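J.: This is the structure I want to talk about, given as structure tokens.
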Amino acid sequence: MNETKLTRPQTVMLMGTSSHVGKSILATALCRIFHQWGRRVAPFKAQNMALNSFVTRDGLEMGRAQVAQAEAAGLAPTVDMNPVLLKPTGNACSQVVVDGRPIGNLSAKEYHKGKSVELWGNVTAALDRLATRYDTIVIEGAGSPAEINLKADDIVNMRVARYLHAPVLLIADIDRGGSLAALVGTLELLTPEERGLVRGLVINKFRGDVTLLQPAVDFLEKKTGKPVLGIVPHIDEMGIDDEDSVSLEEKEAGQKTDAPSDLTLAVVETPKISNFTDFEALADEPDVTVVYVKTVAELRAAQADAILLPGSKNTTEDLLHLRKHGIEGAIAEAVAGGTPLIGICGGYQMLGEEIRDPEHTESQNDAVHGLGYLPMVTTFEAEKRTVQVTADCPGLEFLDGALCAKGLPGYEIHMGRTEFTAPIRHPFHLTWQGAERVNRWDGALRDDGQVFGTYLHGVFDHDGFRRQFLNVLRHKKGLQELPIQRNRRREKEKAYDRLAETVKNALDMKKLCAIMRAAAEECNEWHDDGPVDTMDVLLKNHENA
């Protein structure tokens, strides 16, 4: 006997009353919940703006939010999940990455008043490909759908919802205040058709006794005619990678103020810092405090056991910033006093003698003198290198220790090509580049072992390498070495499960599933020539959980 089957995926779209209300993390939670329930679920965001990015297995670049969501869904990330990525370079300009490849730098006006709508075909093509492979798609919007000045050229909010006839959940951040007004006001600014797509409201980041909010819930439902599907509590220390500078601001505000850790690592925060997720695994270690420093005073006050120079979307401008504000001198002062210095990607390039940009790929600077710690010159080229790699560390002579590890996972995202002006030792040996076996060296190590750099993002995600690095710093301070403290991969999986459980308990999942099914039925996409595979399964699974 044939039963009903859905010929296109079930969808739900998360939009916010503003940026950073928690859309990404709630989308991650829903991906995990549906994955736990046996659905083939994929995340999607048409357009991201972020400086933290990731390289897929096929060497394509995408935003990290959809990477986390894909991991929560048990998937390897693909650029179909994020076809357009904007990487701000400064002066209201961004590098535009389409289907994983950069197509050039555009001003905000150039992008929003012409180019964005041209990319709508890339967005729908990616969605259509996902629709052939998955039965559920969790979609994330950007900013607010009620930005009147941007709506005509929008390719990430209501245009996506209309294309899929996706039911929309509108989310407000109560931790910021004004959440009720934000929900009501956002709905008022939408067209009747757009308001019709909004099927539920969510209040996020609530602290306290949820029963005290019931009068607000009653008001919202009466005022808007939309059901409040849940009140999600504020969740601390989720252990899930962040994507943007707003997350970094929260890290700064929440830097440890209790008893000091054994080790303090100072990340030099430049205006165009990128991929600060490189240091998340270090920050999660129980004996480590990671602080982000912007000034000479902050760097000196940190009394860091090591200084970390992160990646940058505009390396020469960030280098000039360090020079102009005296941070270059403060770093030199610390290094002269014995503090180790490590650079990753753009930070690695800064450690050399000079950075050249003859084609003005990143800025208008033809060349900028480097910090001078390593004998190398980096030249920017038009073609970006984006590739996943696997590396061995055969014996990095760091300070008075030696770091050894095999199978370090990592990825490269950079425009520059580095050449050496004198013989140098390389800390990492690349063994795989994508699916291709290679024999290539990466990075550079100063003779005294105090300064080294690498192009490899994610190098500290390797549990063994990370602990060896920290133990050398502990030994330098006269502290006892520690065994491996964390299993990064296992803890991320636990974090996704913990997040899913919290959100599942906070949202009316039965009502959400019914909303998703009703939206699909409205599309008249039902027929009766296949096995049952509908949202009924989710409802039954949820009720039995």
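J.: Take the cross-link list Lys151/Lys384; Lys294/Lys324; Lys324/Lys476; Lys45/Lys272; Lys151/Lys313; Lys205/Lys272 and give me the ones stretching past 20 Å between alpha-carbons. Walk me through the intermediate numbers first.
T.: Values: Lys151/Lys384 32 Å; Lys294/Lys324 12 Å; Lys324/Lys476 32 Å; Lys45/Lys272 23 Å; Lys151/Lys313 28 Å; Lys205/Lys272 28 Å.
Table pairs above 20 Å Cα-Cα are Lys151/Lys384; Lys324/Lys476; Lys45/Lys272; Lys151/Lys313; Lys205/Lys272.
J.: Another one. With θ taken as phi - 60° and the coefficients 6.51, -1.76 and 1.60, list the Karplus ³J(HN,Hα) couplings across segment 28-38 in order, rounded to whole Hz; mark glycine and proline as x.
T.: Ordered by residue, 3J(HN,Hα) equals 4, 4, 5, 4, 5, 4, 5, 4, 4, 7, x Hz.
J.: Put +1 on the Cβ of every Lys and Arg and -1 on every Asp and Glu Cβ in the chain; which of Val67, Ser53, His426 then has its Cα farthest towards the positive end of the dipole?
T.: With unit charges placed on the Cβ atoms, the residue in question is Val67.
J.: Here's another thing I want to ask about it. Between Arg8 and Ser261, what length in nm is gained on full extension when 0.36 nm per residue of separation is reduced by their alpha carbon distance?
T.: Working: separation 253, 0.36 × 253 = 91.08 nm, distance 5.19 nm.
Net length gain for the segment: 85.9 nm.
J.: If you roll a 1.4 Å probe over segment 1-128 with all protein chains in place, what percent of the accessible area is carbon or sulfur? Could the numbers behind the result be given before it?
T.: Values: 2120 of 4210 Å².
Here it works out to 50 percent.
J.: Leaving out ligands and nucleic acids, note down the accessible area per residue over the chain with a 1.4 angstrom probe, in whole Å². Could the numbers behind the result be given before it?
T.: Working: 22270 Å² over 545 residues.
That works out to 41 Å² for each residue.
J.: Kirkwood Rh, Cα Rg: Rg to Rh for segment 392-495? Could the numbers behind the result be given before it?
T.: Working: Rg = 14.9 Å, Rh = 15.1 Å.
Answer for segment 392-495: 0.99.
J.: Further question: For segment 1-153, what percent of Cα pairs sit more than 28 Å apart? Write down the numbers at each step before the final one.
T.: Numbers: 2167 of 11628 pairs.
The share of Cα pairs beyond 28 Å in segment 1-153 comes to 19 percent.
J.: When the scattering of segment 328-397 is computed by the Debye formula from its Cα atoms alone, each counted once and equally, what is log10 I(q)/I(0) at q = 0.21 Å⁻¹?
T.: Treating every Cα as an identical point scatterer, log10 I(q)/I(0) equals -1.02.
J.: To the nearest 20 debye, what is the magnitude of the charge dipole of the chain about its Cα centre, counting +1 on the Cβ of each Lys and Arg and -1 on the Cβ of each Asp and Glu? Could you put the intermediate results ahead of the total?
T.: On the way: 61 positive and 78 negative charges, 139 e Å.
It comes to approximately 660 debye.
J.: Near the amide H of Leu456, under 5 Å away, which other amide H atoms are found, from residues 5 or more places off or on another chain, if H is placed in the peptide plane?
T.: Residues meeting the amide H criterion: Cys345.
J.: Looking at the square roots a ≥ b ≥ c of the eigenvalues of the Cα gyration tensor of segment 384-450, which shape do they give, rounded for a/c under 1.5, prolate if a/b is larger than b/c, or oblate?
T.: Working: a/c = 2.29, a/b = 1.34, b/c = 1.71.
Oblate shape, in that a/c is at least 1.5 and b/c is the bigger or equal ratio.
J.: Output the direction-averaged projected area (hull surface divided by four) of the convex hull of the alpha-carbon atoms of the chain, in nm². Could you put the intermediate results ahead of the total?
T.: Working: hull surface 105.3 nm².
If you wrap the Cα atoms of the chain in a convex hull and average its projections, you get 26.3 nm².
J.: What ³J(HN,Hα) values, in whole Hz, does the Karplus curve 6.51 cos²θ - 1.76 cosθ + 1.60 give for segment 173-186 when θ = phi - 60°, with x put for Gly and Pro?
T.: Per residue, the Karplus-derived 3J(HN,Hα) values read 9, 6, 5, 7, x, x, 5, 5, 5, 5, 5, 5, x, 4 Hz.
J.: Report, to two decimal places, the Cα Rg of segment 120-211 normalised by 2.2 N^0.38 Å (N = number of residues). Walk me through the numbers before you get to the answer.
T.: Working: Rg = 14.9 Å, N = 92, 2.2 N^0.38 = 12.3 Å.
Here the Cα radius of gyration is 1.21 times the empirical estimate.
J.: Under 5 Å between amide H atoms, partner at least 5 residues away or on a different chain: which partners does Met49 have, H built in plane at 1.01 Å?
T.: Here the answer is Leu86, since their amide H atoms fall under 5 Å of that of Met49.
J.: Another question, then. Not counting ligands, DNA or RNA, and with a 1.4 Å probe, what is Val377's accessible surface area in Å² rounded to the nearest 10?
T.: 20
J.: When only C-alpha pairs under 8 Å and at least 6 residues apart count, what is the relative contact order of segment 408-520, in percent?
T.: Values: 90 pairs, mean separation 20.7, N = 113.
So the answer I get is 18 percent.
J.: Whole-Hz ³J(HN,Hα) for each residue in segment 407-417, computed from phi via Karplus 6.51 cos²θ - 1.76 cosθ + 1.60 with θ = phi - 60°, x for glycine and proline: what do you get?
T.: x, 5, x, x, 8, 10, 9, 7, 8, x, 10
J.: Related question: Which residues in segment 388-405 have a backbone N closer than 18 Å to a point placed 7 Å from the Cα of Glu481 along the Cα-to-Cβ line?
T.: Only 393-405 pass the distance filter.
J.: Assuming 0.36 nm per residue, please report the length gained on full extension of the stretch Ser107 to Arg437 beyond their Cα-Cα distance. Don't jump to the answer; show the numbers that get you there.
T.: Numbers: separation 330, 0.36 × 330 = 118.80 nm, distance 3.93 nm.
Difference between extended and current length: 114.9 nm.
J.: Another one. Which length gain, in nm to one decimal place, applies between Ala336 and Lys294 when the Cα-Cα distance is subtracted from 0.36 nm times their residue separation?
T.: Working: separation 42, 0.36 × 42 = 15.12 nm, distance 2.01 nm.
Computed gain between Ala336 and Lys294 is 13.1 nm.
J.: Considering only protein heavy atoms, what is the solvent-accessible area of Lys294 at a probe of 1.4 Å, reported in Å² to the nearest 10?
T.: It works out to around 90 Å².
J.: Rounded to a whole number, what % of the accessible area of segment 416-529 do carbon and sulfur atoms account for, probe 1.4 Å?
T.: Values: 2690 of 5800 Å².
Taking all protein chains in place, segment 416-529 shows 46 percent carbon and sulfur surface.
J.: Please provide three numbers in whole Å: the alpha-carbon extents of segment 88-169 along the principal axes, with the largest listed first.
T.: 41, 29, 18
J.: How high is the relative contact order of the chain? Use alpha-carbon pairs under 8 Å, at least six apart in sequence, and give a whole percent.
T.: Details: 1163 pairs, mean separation 90.1, N = 545.
Answer for the chain is 17 percent.
J.: Calculate the spin-label point distance for Gln303 paired with His234, positioning each point 7 Å from the Cα along the beta-carbon direction, and give it in nanometres.
T.: Those two pseudo-labels are separated by 3.1 nm.
J.: Using alpha carbons only, how many degrees (0 to 90, rounded to 10) separate the axis of helix 535-544 from the longest principal axis of the chain?
T.: Compared with the principal axis, the helix lies near 80 degrees.
J.: Spin-label point model (7 Å from Cα, Cβ direction): what's the Ala514 to Lys494 distance in nm?
T.: About 3.7 nm, to one decimal.
J.: For a quick check: with amide H placed at 1.01 Å from N, whose amide H comes under 5 Å from Thr431's, ignoring anything fewer than 5 positions away on the same chain?
T.: When sequence neighbours closer than 5 places are left aside, the close amide H contacts are Thr390, Ala391, Asp392.
J.: Further, regarding this structure: Can you tell me the dipole magnitude for segment 336-495 around its Cα centre, using point charges on the Cβ only (Lys, Arg +1; Asp, Glu -1), in Debye to the nearest 20?
T.: Values: 20 positive and 22 negative charges, 202 e Å.
Charge dipole, segment 336-495, about its Cα centre: 980 debye, nearest 20.
J.: While we're looking at this one, here's another question. Of the beta bridges DSSP finds with both residues in the chain, what % are antiparallel, to the nearest 5? Please report the intermediate quantities before stating the final value.
T.: Details: 51 of 96 bridges.
Taking every DSSP beta bridge within the chain, about 55 percent pair in antiparallel fashion.
J.: Quick check: the distance between the Cα centres of segment 16-63 and segment 321-380, to the nearest angstrom?
T.: 33
J.: Run through all the Cα pairs of segment 94-139 and give the fraction in each 10 Å bin from 0, expressed as whole percent.
T.: 23, 44, 25, 8
The values are calculated or read from the model by the stated rules, or taken from the named source; none is laboratory data. Note that the structure is a prediction, hence the values are computed from the model and not measured. Neighbour counts are summed over all protein chains in view; Cβ atoms, including those assigned to glycine, are modelled from backbone coordinates with ideal geometry. Ligands, DNA and RNA are stripped out before the accessible areas are found, and what is left, the full protein with its side chains, is counted by its heavy atoms. Shrake-Rupley method; radii C 1.70, N 1.55, O 1.52, S 1.80 Å.
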